[in-house]
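Read the structure below first, then the notes.
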Amino acid sequence: AKGSGRNAYAVFDSSLRERVRTRMDLEQALRGALERGELFATYQPIIDLTTGELDGFETLMRWEHPELGSVSPLQFIPIAEETGLIVDAGAWLLRESAHQLAAWRAERGPDARPLHVSVNVSVRQLRDRALVQLVQDVLAETGLPPEALWLEITESGVMEDLETALDTLNALRDLGVTMAIDDFGTGYSSLSYLNLLPVGIVKLDRSFVSEVGLHGANESIVRAVLAMTGALNLRVVAEGVETELQRDWLHEQGCDLGQGWLFGKPLIATAHAELIRRDVRV
Ligand code: C2E
Ligand code: CA
Ligand code: CA
Ligand code: CA
């Protein structure tokens, strides 16, 4: 039988966590998290919907605090953005991701389908001119072809300060990296500015994907987005693909790529060893 002492501890432990996880305490704990090695990278597969092959990964940041346990990015990323901590943490993650990708590509060899890695870039990083230098340095260090590095930006982040963002985005485009619009459909969603921004990828938000295949209300919106992105020669990643029905419907409508639990959850790099080797022809 479970000892009552252990249950009591569990109750104490969870209430302590509740108490400690106020905004201010989280902010305090987040300072120095990077230096203490509490942040780490997870990678979620992005799959070619036509062939089922692995196309790349999105890097998602995780925070494991010794006492608070694992804190959701939905909680800590906004704090990291407000405090500016995201600039250093994001730079570290971008470098880490690029080195990981270079290792994976080397492992798969020159004849395998070339993988990409897609890294989230917050508006704080976008406003910082150091981002362009960082990307340049990371490309030089890793020897990666620039198009293998995707940077995900949100519509709202860009529109907040369009002029500065455009400067940075154009400088990044000149380096040859691939720009992606994240959470497409949730922000301004002005179809016209897609042409204005130097992007090659649109990531269709999960909220639109969740209902497709069941004659859901969003199907016509998704069709319209795919028609437009097709006309603009943009590739589309459908986010949050959880069922085969969603995958098949999206593929029928001409969506190129998918990401979601159907294909795999975000995991640390070593947990993907089998997936990395799977499509390689020997
Ligand atoms: P996001 O960029 O839209 O990332 C996709 C989120 O959807 C991830 O949540 C991922 O785990 C989740 N997801 C993926 N597939 C599925 C699915 O099939 N079903 C469902 N229900 N969810 C799925 P996560 O990892 O909790 O990250 C949340 C958000 O935190 C991200 O949303 C992004 O805005 C932010 N974030 C995470 N890592 C970073 C980072 O390194 N830098 C920045 N600036 N933001 C980050
Ligand atoms: Ca993203
Ligand atoms: Ca997204
Ligand atoms: Ca999202």
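Worth a mention:
- Selection status of Arg95, surrounded by 20 or more Cβ atoms within 10 Å (Cβ to Cβ), farther than 26 Å from Asp205 by Cβ and at pLDDT 95 or above: no
- All of (1) more than 30 Å from Gln253 (Cβ to Cβ); (2) within 16 Å of ligand 3 (Cβ to nearest atom) hold for Leu166 with one exception: (2).
- Of the residues making up segment 44-58, those that are assigned to a strand (DSSP E or B) and more than 12 Å from ligand 2 (Cβ to nearest atom) are Pro45, Ile47, Asp48, Leu54, Asp55, Gly56.
- Candidates Val177, Val209, Val199, Val225 - the one that is over 15 Å from Ser118 (Cβ atoms), within 16 Å of ligand 2 (Cβ to nearest atom) and modelled with pLDDT of 85 or more: Val209
- Between Asn218, Asn233, the distinction of being within 16 Å of ligand 3 (Cβ to nearest atom), more than 17 Å from Ile47 (Cβ to Cβ) and at pLDDT below 95 belongs to Asn218 only.
- Pair list, Cβ < 8 Å and 6+ apart or interchain, from segment 58-75 residues that are under 24 Å from Leu257 (Cβ atoms) to residues that are within 14 Å of ligand 4 (Cβ to nearest atom) and aliphatic (A, V, I, L, M): Met61/Ile77; Pro73/Leu60; Pro73/Met61
- Single residue of Asp55, Asp48 found to be touching a strand residue (DSSP E or B) at 6+ places or on another chain (Cβ under 7 Å), under 23 Å from Arg235 (Cα atoms) and surrounded by fewer than 20 Cβ atoms within 10 Å (Cβ to Cβ): Asp48
- Checking each residue in segment 98-117 for being open to solvent by less than 20 Å² (accessible area, probe 1.4 Å) and under 14 Å from Glu147 (Cα atoms) picks out Ala98, Leu101, Leu115, His116, Val117.
- Residue list for segment 131-169, restricted to those being among the polar types (S, T, N, Q) and at pLDDT 95 or above: Gln133, Gln136, Thr142
- Yes/no for Ser190 being over 29 Å from Leu139 (Cβ atoms), modelled with pLDDT under 95, among the small types (Gly, Ala, Ser) and within 15 Å of ligand 1 (Cβ to nearest atom): no
- Any pair with Cβ under 7 angstrom, 6 or more apart, that starts in segment 118-129 at a residue that is within 13 Å of Trp150 (Cα to Cα) and among the aromatic types (Phe, Trp, Tyr) and ends at one that is within 13 Å of ligand 2 (Cβ to nearest atom) and open to solvent by less than 30 Å² (accessible area, probe 1.4 Å): none
- The residues on offer are Val121, Val87, and the sole one that is within 14 Å of the chain's Cα centre (by Cα) and open to solvent by less than 50 Å² (accessible area, probe 1.4 Å) is Val121.
- Among all residues of segment 266-274, there is at least one that is open to solvent by less than 60 Å² (accessible area, probe 1.4 Å) and within 15 Å of ligand 2 (Cβ to nearest atom).
- Residue in segment 203-213 that is nearest to Thr178 (Cα to Cα), counting only those that are of a type in the set (A, V, I, L, M, F, W, C) and crowded, with 23+ Cβ neighbours inside 10 Å: Leu204
- Condition met for Glu67 (modelled with pLDDT under 95 and surrounded by fewer than 22 Cβ atoms within 10 Å (Cβ to Cβ)): yes
The values are calculated or read from the model by the stated rules, or taken from the named source; none is laboratory data. Because the structure is a prediction, the values reported are computed rather than measured. For neighbour counting, all protein chains shown are included, and Cβ atoms are generated from backbone atoms with ideal geometry for every residue, glycine included. Accessible surface is based on the protein model in full, side chains and every heavy atom, while ligands, DNA and RNA are left aside. Shrake-Rupley method; radii C 1.70, N 1.55, O 1.52, S 1.80 Å.
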